[in-house]
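Participant: Input: one structure, supplied below.
The values are calculated or read from the model by the stated rules, or taken from the named source; none is laboratory data. Please read these numbers as outputs of a predicted model, since none were measured by experiment. Here the Cβ positions follow ideal geometry from the backbone for every residue, glycine too, while neighbour counts run over all protein chains shown. When the accessible area is computed, the model is the full protein with side chains, heavy atoms only, and any ligands, DNA or RNA have been set aside. Shrake-Rupley method; radii C 1.70, N 1.55, O 1.52, S 1.80 Å.
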Amino acid sequence: MTPLKNQLIRAAAKARQFSVSPYSKFKVGAALITNSGEIISGANVESASYGLTCCAERVALFKALTGGKRNFRAIAIVARCEGGPMPCGACRQLLSEYAPLAQVFVADSDHLKRIREFGVSKLLPFAFLDVP
Ligand code: THU
């Protein structure tokens, strides 16, 4: 998993360059990998109407899903912050629904080799998964 981890973190770091974050200036990149090895990346996009902002994780996930991709093995997230960026609650919910088996790798953009790793189910236990 180590070469894959590093490869995915590098893809997230590359995607981060295209962050559209004029308000927070907090650039985040994310990259998903499918079980068949395809990588789909994205970055956060902000709006003057702040609440419309979309996190990098969701941009990558929506790109992947609407490109017909399923069965995700892992997602990497990179931003300039100590220990790497932890996904927000909304992204955890969507990852629980569409990438429940994925590993989540996070890294600080200044230390791409220092990767922390979590399972999606650990990040959001007891997720809401089915509309009754
Ligand atoms: N953000 C992400 O893209 N992913 C995260 O995991 C945390 C937050 C973005 C949203 C917003 O553009 C900026 O970071 C500040 O919250």
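Participant: With θ set to phi - 60° and the Karplus curve 6.51 cos²θ - 1.76 cosθ + 1.60, what are the ³J(HN,Hα) couplings of the range 23-35 in order, to the nearest whole Hz, using x for Gly and Pro?
Facilitator: Ordered by residue, 3J(HN,Hα) equals 8, 7, 6, 9, 8, 10, x, 9, 9, 9, 10, 7, 4 Hz.
Participant: Counting only residues 5 or more places away or on other chains, whose amide H sits under 5 Å from the amide H of Asp108 once H atoms are built in the peptide plane?
Facilitator: Here Gly83, Gly84 satisfy the definition.
Participant: If you rank Met86, Met1 by how much accessible surface each has, with a 1.4 Å probe, what is the order from largest down? Kindly include the intermediate steps, with their values, before the conclusion.
Facilitator: Numbers: Met86 75, Met1 95 Å².
The ranking, largest first, comes out as Met1, Met86.
Participant: When the Debye formula is applied to the Cα atoms of the range 3-122, each taken as the same point scatterer, what base-10 log of I(q)/I(0) results at q = 0.10, 0.14, 0.19, 0.24 Å⁻¹?
Facilitator: So the normalised log intensities work out to -0.24, -0.49, -0.92, -1.46.
Participant: Turning to a different aspect of this structure: Determine the dipole magnitude for the chain: charges of +1 sit on the beta-carbon of Lys and Arg, -1 on that of Asp and Glu, nothing else is charged, the reference point is the Cα centre, and the result goes in debye to the nearest 20. Don't skip to the answer; put the middle values down first.
Facilitator: Working: 17 positive and 9 negative charges, 70 e Å.
Dipole of the chain, to the nearest 20 debye: 340 debye.
Participant: Determine the sum of side-chain charges near Ser24: Lys and Arg each +1, Asp and Glu each -1, restricted to other residues whose C-beta is under 14 angstrom from that of Ser24.
Facilitator: Details: positive: Arg16, Lys25, Lys27, Arg80; negative: Glu46.
Once all neighbours under 14 Å are counted, the net charge is +3.
Participant: Ignoring any ligand, DNA or RNA, what whole percent of the accessible area of the chain comes from carbon and sulfur when the probe is 1.4 angstrom?
Facilitator: Working: 4070 of 7320 Å².
Ligands and nucleic acids excluded, carbon and sulfur give 56 percent.
Participant: If Lys and Arg each add +1 and Asp and Glu each add -1, what is the summed charge of the other residues whose beta carbon sits under 10 Å from the beta carbon of Val106? Each step should come with its number before you reach the end.
Facilitator: Numbers: positive: Arg114, Arg116; negative: Asp108, Glu117.
With Lys, Arg at +1 and Asp, Glu at -1, the net is 0.
Participant: Just to confirm, what accessible area per residue do you get for the chain at 1.4 Å probe, in whole Å²? Intermediate values should be presented prior to the final figure.
Facilitator: Details: 7320 Å² over 132 residues.
On a per-residue basis, 55 Å².
Participant: Report the local net charge at Gly89: Lys and Arg +1, Asp and Glu -1, summed over other residues whose C-beta lies under 15 Å from its C-beta. Working shown, then result.
Facilitator: Numbers: positive: Arg58, Arg92, Lys122; negative: Glu57, Glu97.
Combined, the nearby Lys, Arg, Asp and Glu give +1.
Participant: Place +1 on the Cβ of every Lys and Arg and -1 on the Cβ of every Asp and Glu in the chain, take the dipole about the Cα centre, and give the residue among Thr2, Phe126, Gly42 whose Cα lies farthest towards its positive end.
Facilitator: Thr2
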